[in-house]
Amino acid sequence: MKILALGGSGGMGRYAVRSLYNVKQIDKIYIADLNALSAIEFASNFDTRVEGFGLDITNYELLKMEMLKVDLVVNTTGPFFKYAEPILRAAIETSTHYFDICDDWEPTEKMLHMNEEAKKADMTAILGLGASPGLTNILARMAMLELDDVTKVYTGWDMSAAKAESETSQTGVNAAMVHGIEQMVGKVKVFKNGTFEMVKPLEKININYPEIGIRSAYIFGHPEAITLPHNYPNINESFNLMHGNENSFIGILKTIRFLINIKIITKNMAAKILMWLETFNTSETKEDENINLPGVYGYAEGLKGGKIASVGVTIDGDINNFSMGEATSLPLATGIKMFIDKKINKYGVHTPESEIFDPLIFFDYLKKEMGDDAVLNTLISRSW
């Protein structure tokens with residue numbers, strides 16, 4: 001198998017490349033990056049199975065030419081609201097299997113509509129296989145499986161713990177920060193009262209998480225809110241939520257959003273401010289972990305044995321100490337290995353909570369991906 005890693009020398013992509021390099025079924029990995037020198041330099045850390053070169057992904061015909069040389073394309077190029085949809089389109093037109101870590105809901109919605117085209121092209125596309133989305137979707141699916149009937153599904157994560165990678169091919173404003181700003185302004189799509197709605201981000205939502213109690217989290221514009229009802233239309237409500245220190249971190253985000261909305265600062269300026277503030281996020285005192293919401297989780301409400309019930313599922317172990325790049329790219333590499341081993345074997349456009357993913361198999365693969373001595377446990381909290 002031959003793989004094209006778009007953005008493969010970036011802060012996220014390089015972790016996926018390092019992992020995929022160890023897969024014996026992969027004969028060649030092409031690292032493509034707008035920063036040609038970075039791609040070539042990173043590729044020099046491996047043997048001749050890995051080759052780096054410069055590629056402008058906005059050159060659509062050239063992009064398709066490179067895809068025709070490979071079997072599978074791995075897309076870690078952000079911001080995804082700009083690039084994800086045309087890259088998947090190119091993959092479909094060249095019948096190239098596709099995996100990404102897309103964390104923007106707008107292109108995700110459009111890409112899900114390409115399902116029939118992907119089937120006709122005999123190719124598989126997996127969207128948003130990172131941390132959030134990715135791990136969150138799979139944890140939510142595990143929570144849903146605990147219930148007889150599901151009405152609400154939430155995915156959540158601790159935004160204050162997220163930290164951009166220092167080792168990357170990017171210059172200028174970090175794409176992850178641009179994404180974060182984009183999903184805090186304007187309105188985002190959620191699933192509420194059995195229908196899709198546009199709402200203002202950072203709206204407070206209370207969650208009665210089993211064994212923790214009622215805690216506050218905030219609506220954030222991620223794909224999980226729309227992909228879960230896409231796959232399971234019988235649910236009534238779906239939000240993606242983030243949490244952090246309410247008196248400092250959340251307040252800063254709301255202030256930045258206000259300044260953007262009144263046109264005091266631009267989105268790019270806001271992203272730079274977040275990058276600067278992140279340099280001070282090293283000594284913040286954390287509260288008791290038994291009191292806070294988990295760092296990443298899936299949560300479901302519904303019926304169990306005819307009674308109202310709720311379930312929260314999170315993960316514990318070494319992954320909680322990973323950088324954002326590792327926590328995002330290792331699930332991506334895990335999914336690709338499952339695909340190579342035919343554990344994912346259906347054509348079309350899918351997301352991680354789809355029934356083509358077996359959560360137990362996924363976490364078994366992920367644990368192996370983390371290393372022989374790695375600790376990885378799924379923790380299920382039930383209200384009954």
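The values are calculated or read from the model by the stated rules, or taken from the named source; none is laboratory data. This structure is a prediction, so every number in the text was calculated from the model and none was measured. Here Cβ is always computed from backbone atoms with ideal geometry, including for glycine, and neighbour counts include all displayed protein chains.
Within the range 56-64, none of the residues are modelled with pLDDT under 95 and either over 24 Å from the mean Cα position of the chain (by Cα) or under 30 Å from residue 186 (Cβ atoms) (or both).
For the range 336-384, residues that are on the phi > 0 side of the Ramachandran plot and over 21 Å from the mean Cα position of the chain (by Cα) total 2.
When the residues of the range 352-384 are filtered to those that are assigned to a loop (DSSP other than H, G, I, E, B) and polar (S, T, N, Q), the one that is nearest to residue 140 (Cα to Cα) is 354. Which ones in the range 10-28 are over 17 Å from the mean Cα position of the chain (by Cα), within 18 Å of residue 67 (Cβ to Cβ) and not hydrophobic (A, V, I, L, M, F, W, C)? The answer is 27, 28.
Sort out which residues of the range 56-114 are without any contact (Cβ under 8 Å) to a residue 60 or more places away in the chain and in contact with a Lys or Arg (Cβ under 7 Å, 6 or more places away or on another chain), and write them in order of number. Once the filter is applied, which keeps residues that are without any contact (Cβ under 8 Å) to a residue 60 or more places away in the chain and in contact with a Lys or Arg (Cβ under 7 Å, 6 or more places away or on another chain), the range 56-114 yields 85, 90, 93, 94. In the range 1-49, the residue that is farthest from residue 342 (Cα to Cα) out of those that are basic (Lys, Arg) and not in a strand (DSSP E or B) is 14.
Candidates in the range 170-195 are the residues that are among the small types (Gly, Ala, Ser) and within 28 Å of residue 10 (Cα to Cα); of these, the one that is modelled with the highest pLDDT is 180. Being touching a Leu at 6+ places or on another chain (Cβ under 6 Å) and under 15 Å from residue 146 (Cα atoms) holds for only one residue in 314, 378, and it is 314.
Any residue at all in the range 107-115 that is closer than 26 Å to residue 350 by Cβ and charged (D, E, K, R)? Scanning the range 107-115, I find at least one residue that is closer than 26 Å to residue 350 by Cβ and charged (D, E, K, R), so the answer is yes.
With the requirement that a residue be within 18 Å of residue 4 (Cβ to Cβ), more than 18 Å from the chain's Cα centre (by Cα) and of a type in the set (Asp, Glu), what does the range 78-121 give you? Residue satisfying the conditions is 93 alone. Among the residues making up the range 103-125, those that are out of contact with any helix residue (DSSP H, G or I) (no Cβ under 8 Å at 6 or more places or on another chain) and either hydrophobic (A, V, I, L, M, F, W, C) or not in a helix (DSSP H, G or I) (or both) are 113, 122.
The set of residues from the range 302-326 being of a type in the set (Gly, Ala, Ser), over 14 Å from residue 367 (Cβ atoms) and either at pLDDT 95 or above or not in a loop (DSSP other than H, G, I, E, B) (or both) comprises 302, 305, 306, 309, 310, 312, 325.
Per-residue answers, yes or no, for (1) at pLDDT 95 or above; (2) part of a helix (DSSP H, G or I); (3) closer than 19 Å to residue 80 by Cβ; (4) not assigned by TED's automatic domain parsing to the domain that holds residue 144:
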| residue | (1), (2), (3), (4) |
| --- | --- |
| 197 | yes, no, no, no |
| 207 | yes, no, no, no |
| 216 | no, no, no, no |
| 221 | no, no, yes, no |
| 225 | yes, yes, yes, no |
| 234 | yes, no, no, no |
| 238 | yes, no, no, no |
| 241 | yes, no, no, no |
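When residues in the range 65-82 are screened for being farther than 24 Å from residue 26 by Cβ and modelled with pLDDT of 95 or more, 0 of them pass. Here residue 100 does not fit the description of being among the charged types (D, E, K, R) and more than 26 Å from residue 28 (Cα to Cα). In the range 126-157, which residue that is part of a strand (DSSP E or B) and in contact with a His (Cβ under 7 Å, 6 or more places away or on another chain) is nearest to residue 92 (Cα to Cα)? Only one residue tops the list, namely 126.
Scanning the range 50-78 for residues that are of a type in the set (D, E, K, R) and either in a helix (DSSP H, G or I) or surrounded by 13 or more Cβ atoms within 10 Å (Cβ to Cβ) (or both) gives 51, 61, 64, 66, 71. Pairs linking a residue in the range 28-40 that is among the polar types (S, T, N, Q) to a residue that is surrounded by fewer than 24 Cβ atoms within 10 Å (Cβ to Cβ), with Cβ atoms under 8 Å and 6 or more positions apart or on different chains, are 35/54; 35/169; 35/170; 35/171; 38/169.
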